[in-house]
1. Please pick out the residue among L109, L113, L126 that is farther than 25 Å from A46 by Cβ, aliphatic (A, V, I, L, M), touching a helix residue (DSSP H, G or I) at 6+ places or on another chain (Cβ under 8 Å) and surrounded by fewer than 13 Cβ atoms within 10 Å (Cβ to Cβ).
2. As an exercise: evaluate P53 against (1) within 20 Å of the chain's Cα centre (by Cα); (2) in contact (Cβ under 8 Å) with a residue 24 or more places away in the chain and give the number of the one condition it does not meet.
3. For the stretch 51-83, how many residues meet the condition of being part of a loop (DSSP other than H, G, I, E, B), in contact with a strand residue (DSSP E or B) (Cβ under 9 Å, 6 or more places away or on another chain) and surrounded by 10 or more Cβ atoms within 10 Å (Cβ to Cβ)?
4. Output the number of the condition that R52 fails; it satisfies all remaining conditions of (1) over 17 Å from R7 (Cα atoms); (2) at pLDDT 90 or above; (3) of a type in the set (D, E, K, R).
5. If I go through the stretch 84-103 residue by residue, how many of them are over 22 Å from K13 (Cα atoms) and assigned to a helix (DSSP H, G or I)?
6. Taking the stretch 1-50, which residues are part of a helix (DSSP H, G or I) and of a type in the set (D, E)?
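The values are calculated or read from the model by the stated rules, or taken from the named source; none is laboratory data. In this text the structure is predicted, and so the values were computed from the model without any measurement. Positions of Cβ are backbone-derived with ideal geometry, glycine not excepted, and every protein chain shown enters the neighbour counts.
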Amino acid sequence: MPYLLARAIIDGKIAVDVFTDEAVRDQKILGLGEKIEMRFDPNLKANSGGGRPCRVTIRLKNGAVYSCEKEHAKGSPEVPLTQEERAAKFTECARRVLNVHDAGRARELIAGLETLSSVTPLCQLLAG
């Protein structure tokens, strides 16, 4: 978690690329990660839907304190990704094996999967 929090603070997001060998050795990230402390807060109770609330508090050297609490994680049923966020996430993952055009075409075919008369074009696209 310290690594992921450091990445989120420095990069502003968590992406697939943060799990490469090079990324996990980034000294800037690792240095910040060493300053991150996790503590159990008994006041943050899991809800009946399985959600795990979380609070992140950042204290800066100048004394400023920033805090954010979330009841549910982004991407959960309670806080779903938008269509644009889902498309971007799919493309980010798919671009590891497909070019941008083919990733977009695959996304279109998957979005209309229920109406396809055959999945052959999708399978061919994914097989390369």
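1. Answer to the selection: L113.
2. The failed condition is (2).
3. Step one: of the stretch 51-83, the residues part of a loop (DSSP other than H, G, I, E, B) are 51-53, 60-64, 71-75, 77-78, 80-82.
From the residues that got through so far, the ones that are in contact with a strand residue (DSSP E or B) (Cβ under 9 Å, 6 or more places away or on another chain) too are 51, 53, 60, 64, 71-73.
Subsequent filtering for residues that are surrounded by 10 or more Cβ atoms within 10 Å (Cβ to Cβ) retains 51, 53, 71-73.
Qualifying residue count for the region: 5.
4. For R52, the exception is condition (2).
5. 2
6. D11, D17
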